[in-house]
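Asker: Dropping a structure here in structure tokens format, bear with me for questions.
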Amino acid sequence: ASVMGGTIGEMHAKKIARLYEFAQKTGAPVIGLVDCAGMRLQEATDALNGFGEIYMAQAMASGVIPQITAVFGTCGGGMALIPAMTDFTFMESKNGKLFVNSPNALDGNHVSKCDTASADFQGEEAGLVDFAGTEEEILGQIRNLVSMLPANNEDEAYTECEDDLNRACADLANCAGDTGILLSQLSDNGIYFETKAAYGKDVVTAFIQLNGATVGAVANRSEIYGEDGTVKEKMDGTLSARGAKKAADFVNFCDAFCIPVLTITNVTGFKATKCSERTMAKNAAALTAAFANATVPKVNVVVGKAYGSAYVVMNSKSIGADMVFAWPNAEIGMMDAKSAAKIMYADEIAASDNAVALINEKAAEYQNLQSSAMAAAKRGYVDDIVNPEDTRKRVIAAFDMLFTKREDRP
């Protein structure tokens, strides 16, 4: 930024595009550290063409080598497309500014009213930023991320596993609500890297390690615990449009780089709000397609409720999961057993002298026949029922079996 505000001109762009070309030849990730005032106005169409060359290089590298951007200062206008085209984006929380149009240029807005260029906005509302913090924190997190990712789409992400493969996770059943904690307990030595934590919080997308191999994890989440052990935030157990979009992008990344995918399912349905409904069908369809299209090893563990179409899109057996496990208390079906009983036996309940007892009786019957983990296992939709404390060793064994998986698609 000390040279002409860090603006990008013709030769600057050629250097970046050349670097991308070299990175693809050698199979090396590309990391961009940005503090740039945008396009060099003095060079006019030459600078404009330069931006296009960078975009082209990024598009060609997508899915071939990991791309990471860290925004430490200004990243505006056409420059904002560059972090958006990379796989992961980090942003300095105080000095970082990321925008296509500056906050003051938006009709009816100004920076003090809503700072649309801030790390908070770009993380929570736009879903573009994976991690925000100080420069030192960002550089440390980039190192953590790069150490977990394969160098390219033909590489494999493995380290030596020093954790016990048969380690029992005694308290795992208590983590069904906050699956971020659940995943960190499953992972080798607690290794856990969450992406886009501030966006679509009802879904966790994170990298963990199992038997030394990097695994991409997608999990429903209904509560978030703080460091003091108290519940900091509660969700309603549904899948939101933002959560579905976040998960779809994450699964597509994992599939491109041959990273196995683990899902932790605990979902009661789709989020029912006007805001979510705008893109709910589109984003849920994108998530369905991402899981169905992914040819990497896919394992699903149902740890709580798994109701309706929201369960189907969460890597169910019907859309291609290789192995599906369920905890003994899991509920898998169309809807809550009591709600189903009220619909199915509405006339009998209306005529009954003791409606509550009849509802409970019919709900228990429905639960046993249609909604239990055992009922799903009998039909082949669940491969095995596992105790929560045994989840780690069973999941590791499943991925070990699936290591040689090959699937040809049209």
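The values are calculated or read from the model by the stated rules, or taken from the named source; none is laboratory data. This is a predicted model, so every value here is computed, not measured. FYI the Cβ positions are ideal-geometry reconstructions off the backbone, even for glycines, and counts take in every protein chain you see. What goes into the accessible areas is simple: the full protein's heavy atoms, side chains included, and nothing from ligands, DNA or RNA. Shrake-Rupley method; radii C 1.70, N 1.55, O 1.52, S 1.80 Å.
Asker: Determine the alpha carbon to alpha carbon distance for each of K25/K298; K271/K298; K201/K305; K14/K245; K97/K271; K232/K271 and list only those over 27 Å.
Answerer: From K25/K298; K271/K298; K201/K305; K14/K245; K97/K271; K232/K271, over 27 Å: K25/K298; K14/K245; K97/K271.
Asker: Moving on. Would you mind getting the Kirkwood hydrodynamic radius of region 260-344 from its Cα pairs, rounded to one decimal in Å?
Answerer: About 13.6 Å for region 260-344.
Asker: While we're looking at this one, here's another question. Give the value in nm², to one decimal: projected area of the alpha carbon convex hull of region 2-45, averaged over all directions.
Answerer: Result: 3.5 nm².
Asker: Still on this model: Output the 0 to 90 degree angle, nearest 10, between the alpha-carbon long axis of helix 280-293 and the longest principal axis computed from the alpha carbons of the chain.
Answerer: Tilt of helix 280-293: around 90 degrees.
Asker: In degrees between 0 and 90, to the nearest 10, how far off the longest principal axis of the chain does helix 44-61 point, with axes built from Cα atoms?
Answerer: The two axes meet at around 40 degrees.
Asker: Report the Rg/Rh value for region 40-95, based on alpha-carbon coordinates and the Kirkwood definition of Rh.
Answerer: When Rh is taken as the Kirkwood radius, the ratio is 1.01.
Asker: Can you pull out the GluC sites (Glu not before Pro) in region 170-254 that DSSP calls coil and that have at most 15 other Cβ atoms within 10 Å?
Answerer: Passing both the DSSP loop test and the Cβ count: E227.
Asker: May I pose another question? Considering only the other residues whose Cβ falls under 15 Å of the Cβ of K15, what net charge follows from Lys and Arg at +1 and Asp and Glu at -1?
Answerer: -2
Asker: If DNA, RNA and ligands are ignored and the probe is 1.4 Å, what is the ranking of S184, S2, S309 by accessible area, most exposed first?
Answerer: Order by accessible area, largest first: S2, S309, S184.
Asker: Based on the Cα atoms of the chain, what semi-axes does the equivalent ellipsoid have, where each is the square root of 5 times one gyration tensor eigenvalue, given in whole Å with the largest first?
Answerer: Equivalent ellipsoid of the chain: 43, 25, 19 Å, largest first.
Asker: If you don't mind, another one. Determine, at each q value in 0.15, 0.20, 0.24 (inverse angstroms), the log₁₀ of I(q)/I(0) that the Debye formula gives when each Cα of region 127-236 is one equal point scatterer.
Answerer: -0.72, -1.20, -1.42
Asker: In Å², what does the accessible area per residue of the chain work out to with a 1.4 Å probe?
Answerer: 47
Asker: Region 150-298: percent of C-alpha pairs farther apart than 25 Å?
Answerer: 29
Asker: Using a/c under 1.5 as the rounded threshold, could you call region 7-145 rounded, prolate or oblate? The axes a ≥ b ≥ c are square roots of the C-alpha gyration tensor eigenvalues, and prolate needs a/b larger than b/c, oblate otherwise.
Answerer: It comes out oblate by the Cα gyration axes.
Asker: Of L139, V129, N174, which is farthest towards the positive pole of the chain's charge dipole, taken about the Cα centre with +1 and -1 on the beta-carbons of Lys, Arg and Asp, Glu respectively?
Answerer: Projecting each Cα onto the dipole axis, the largest value belongs to V129.
Asker: Now for a separate question. If you count, for each residue, the other Cβ atoms within 10 Å and average over each peptide, how do 60-66, 14-20 line up from highest to lowest?
Answerer: Order by mean packing, descending: 60-66, 14-20.
Asker: Keeping every protein chain in place, order L41, L287, L48 by accessible area at 1.4 Å, biggest value first, i.e. largest first.
Answerer: Per-residue accessible area, sorted high to low, gives L41, L48, L287.
Asker: Please report the antiparallel percentage of DSSP beta bridges with both residues in the chain, rounded to the nearest 5.
Answerer: Taking every DSSP beta bridge within the chain, about 30 percent pair in antiparallel fashion.
Asker: Could you tell me which trypsin sites (Lys or Arg not before Pro) in region 229-321 are loop residues by DSSP with no more than 12 other beta carbons within 10 angstrom of their beta carbon?
Answerer: R278
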